[in-house]
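Have a look at the structure below, then the notes.
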Amino acid sequence: MQQKSGRNRSDSRSVAIRTALKTRLASEDGALLPLALMMFVFMMCVTGLAIDFVREEEMRTKIQNTLDRAVLAATSLSQDLDPVEVVSDYLNKAGLGAVAVNTVVQQGTNMEWRQVTATTDDSINTMFGKLVGINTLGVSGNSQAREEIGNVEISLVLDISGSMNDTVTVNGKSTTRIAALRSAATTFVGKMFDSVQGPDVPAGRLSISVVPYNQQVSLGSTTAAGFTLSSDHAQNTCADVEMLSTSSLAISPSTTLQRTMYGDSFNYSGQLALTGSSWSLPQTTNVKNCPEYSYASVLAWANDETKINSKINGLSAAGDTGIDIGARWGLALLDPSTQPALTTLINRGSVDTALAGRPFNYASTSSTQDDSAMKVMVLMTDGQNTRSYSTKAAYRTGNSGFYSTKSATTFSTSTYASWGSTSDWASLYYYDSTRRMYYSMSGKSWSTSVSGTLYPITWQTIWGKNYTLQYVAQTFLYPPWHSVDTSVTKQSAYDTMAIKSEFDGKDTALNDLCTVAKDSSHDIYIFTVAVDAPSDGAAILKKCATNAGYAYDVDSNDLSTAFTSIASSINALRLTN
């Protein structure tokens, strides 16, 4: 019995121990405290590191931004101070004088380019990183900038129509608009040479073409030598470029351009005079389709400031307004299609050899600083598109279809008969080669033959008498043409012979050319200046400009300011592209 009792006590203790252990093991009192302590320490470390990283990023950003500004200032070619000192000064003024910086300066022998590279390798002490063994964090900076004097090609297209002689007031003094233009344009040229073609810069960085225009553009003998003009006459150096496609800027020097007809091809009967009354039809005039004056000639691809300013200062004003024709030539002298023309002029000693290879090809991804250029047209007018005229090629040379029984030079309406001779008008016949019949101008009738000797009259003879085109059409061609086809009118007879570029048609042509010039494949910058211009003229120039910010609508008093602003804009564009 005693042994049984001992076993019971032993079993009871075992049960009690097991129960106590189970109770202890099942209890959760105080289990989260160690975990919470561990998490708190971890969070403190993470938060501390985050603060350290924010401090590091803040310092890095400050250093980088300061370096970027410092390097840009140090790189500027107009910066006279030591680039290394400029960088250091920027850091000092930003409170970063203790930051060690390494500045490397590279530049061209003639200061045509400069590159500045600045690097820092600094660090900050951590506040909390030490808890995990991170004592410092790096705050390095690196910045590089390069400024080059890139090539710039400019076409300065200037209105020299008659209204440019109008009297205006500039700075309280009476002058003419053409005089105000001379001053503004030469100031513009000076600023472009200062910023692009300075005295220490190799020749050839800047080329400027001056394109004066009224109703036409006279190339002048020097520039015309680079192109191929038709040989039907040699009385001027204008070309009928209004007949070319407006979908392209190219004017090939090897393709024959139809020379603008000499004389007066004005459309007298087709429109009202500026006074609102009808034009009277003159027999002869001193009006010319292409006024060939030395002051109106084109100066192409020049890089001599004195020569360019001399050209501008010699400008005078006369004639109508063909903005589209001026722009056509201004853009063509920026187009690489005219490279052979420039080469020809170099070989003739008319253009500096430093400009060889211009106009450069349009910029592409493979272009370099030396074989590309920023291309700019500055287009100015004081008016709006009016009129340009010429005569079609079929009515310029060779047999005119007229015959005289007196002589090959007898062509007039004279009815005076002296010494028994037949009058000019009575001796004149028109031959219809299709019908093989002769029309008597005085008799107003057709016949199959004419008695006496028939002398053929050439177009050269007719135009040599200085007759206007419309007078010839109405007086001489209309009668025989109308007698065969009554639908022929005096105006349609003129239209058959004339090349006309007028008003809305010229606006359309200008807009088309400007649209092509501004597309991504050409990327020509177009600045326009409408000075004292009517609303229609200002509107078409604004539409032509690269954007509204490139279009200046000013009065004569602000003309110089406009050209100065354009020069500054060109320089800013050159530095940022």
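The residues listed here are 390, 364; of these, the one that is over 22 Å from the mean Cα position of the chain (by Cα) and of a type outside the set (Asp, Glu) is 390.
Residue-wise test of (1) assigned by the TED database to the domain that holds residue 397; (2) surrounded by 20 or more Cβ atoms within 10 Å (Cβ to Cβ).
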position: 467; (1), (2): yes, yes
position: 472; (1), (2): yes, yes
position: 477; (1), (2): yes, yes
position: 480; (1), (2): yes, yes
position: 496; (1), (2): yes, no
position: 508; (1), (2): no, no
position: 512; (1), (2): no, no
position: 517; (1), (2): no, yes
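Test residue 223 against the criterion of being in contact with a helix residue (DSSP H, G or I) (Cβ under 9 Å, 6 or more places away or on another chain), under 30 Å from residue 195 (Cα atoms) and not assigned by the TED database to the domain that holds residue 570, and give yes or no. So residue 223 fits the description; yes. Give the stretch 172-184 a look and list any residue that's out of contact with any Ser or Thr (no Cβ under 9 Å at 6 or more places or on another chain) and either surrounded by 15 or more Cβ atoms within 10 Å (Cβ to Cβ) or in contact (Cβ under 8 Å) with a residue 24 or more places away in the chain (or both), or say none. Answer for the stretch 172-184, where residues must be out of contact with any Ser or Thr (no Cβ under 9 Å at 6 or more places or on another chain) and either surrounded by 15 or more Cβ atoms within 10 Å (Cβ to Cβ) or in contact (Cβ under 8 Å) with a residue 24 or more places away in the chain (or both): 179, 182. Just checking, does the stretch 318-328 include any residue being of a type in the set (S, T, N, Q) and surrounded by 18 or more Cβ atoms within 10 Å (Cβ to Cβ)? Scanning the stretch 318-328 turns up at least one residue that is of a type in the set (S, T, N, Q) and surrounded by 18 or more Cβ atoms within 10 Å (Cβ to Cβ). In the stretch 412-425, the condition of being without any contact (Cβ under 8 Å) to a residue 24 or more places away in the chain and of a type in the set (A, V, I, L, M) is met by at least one residue.
Yes/no per residue for (1) in the same structural domain as residue 78 (by the TED database); (2) within 30 Å of residue 398 (Cα to Cα); (3) in contact with a strand residue (DSSP E or B) (Cβ under 9 Å, 6 or more places away or on another chain); (4) part of a helix (DSSP H, G or I):
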site	(1), (2), (3), (4)
186	no, no, no, yes
192	no, no, yes, yes
237	no, yes, yes, no
248	no, no, no, no
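Evaluated against (1) under 30 Å from residue 494 (Cβ atoms); (2) modelled with pLDDT of 95 or more, residue 191 falls short on exactly one condition, (1).
Filtering the stretch 208-234 to residues that are surrounded by fewer than 22 Cβ atoms within 10 Å (Cβ to Cβ) and not small (Gly, Ala, Ser) leaves 222, 228, 229, 232, 233. Does at least one position in the stretch 552-568 carry a residue that is of a type outside the set (A, V, I, L, M, F, W, C), more than 13 Å from the chain's Cα centre (by Cα) and at pLDDT below 95? Yes, that holds for at least one residue. Going by the structure shown, is residue 155 touching a helix residue (DSSP H, G or I) at 6+ places or on another chain (Cβ under 9 Å) and in a helix (DSSP H, G or I)? Judged against the criteria, residue 155 is not a match.
Take the conditions (1) charged (D, E, K, R); (2) farther than 30 Å from residue 150 by Cβ; (3) surrounded by 20 or more Cβ atoms within 10 Å (Cβ to Cβ); (4) out of contact with any Phe, Trp or Tyr (no Cβ under 8 Å at 6 or more places or on another chain); residue 311 misses just one of them, which is (2). Does residue 209 satisfy the criteria of being assigned by the TED database to the domain that holds residue 182, closer than 23 Å to residue 164 by Cα and either in contact (Cβ under 8 Å) with a residue 24 or more places away in the chain or of a type in the set (S, T, N, Q) (or both)? For residue 209, the condition - assigned by the TED database to the domain that holds residue 182, closer than 23 Å to residue 164 by Cα and either in contact (Cβ under 8 Å) with a residue 24 or more places away in the chain or of a type in the set (S, T, N, Q) (or both) - is met.
If the condition is being of a type in the set (Ser, Thr, Tyr) and more than 22 Å from residue 139 (Cα to Cα), then the stretch 77-104 contributes only 78. Can you spot a residue in the stretch 556-563 that is touching a Phe, Trp or Tyr at 6+ places or on another chain (Cβ under 7 Å), of a type outside the set (Gly, Ala, Ser) and touching a residue at least 40 places away in the same chain (Cβ under 8 Å)? Yes, the conditions are met somewhere in the stretch 556-563. Taking the stretch 61-97 as the range and being outside any helix (DSSP H, G or I) and on the phi < 0 side of the Ramachandran plot as the test, the residues that pass are 76, 77, 78, 79, 80, 81, 82, 94, 96, 97.
Residues in the stretch 206-231 that are over 16 Å from the mean Cα position of the chain (by Cα) and either part of a strand (DSSP E or B) or modelled with pLDDT under 95 (or both) were compared, and the one that is nearest to residue 154 (Cα to Cα) is 213. Applying the set (1) part of a loop (DSSP other than H, G, I, E, B); (2) under 20 Å from residue 532 (Cα atoms); (3) out of contact with any helix residue (DSSP H, G or I) (no Cβ under 9 Å at 6 or more places or on another chain) to residue 174 leaves exactly one unmet item: (1). Looking across the stretch 358-372, the residues that are crowded, with 16+ Cβ neighbours inside 10 Å and at pLDDT 95 or above come down to 358, 359, 360, 362.
Taking the stretch 313-345 as the range and being touching a strand residue (DSSP E or B) at 6+ places or on another chain (Cβ under 9 Å) and aliphatic (A, V, I, L, M) as the test, the residues that pass are 315, 317, 323, 325, 327, 331, 332, 333, 334, 341, 342, 345.
The values are calculated or read from the model by the stated rules, or taken from the named source; none is laboratory data. In this text the structure is predicted, and so the values were computed from the model without any measurement. Cβ coordinates were reconstructed from backbone atoms using ideal geometry, including for glycine residues, and neighbour counts include every protein chain displayed.
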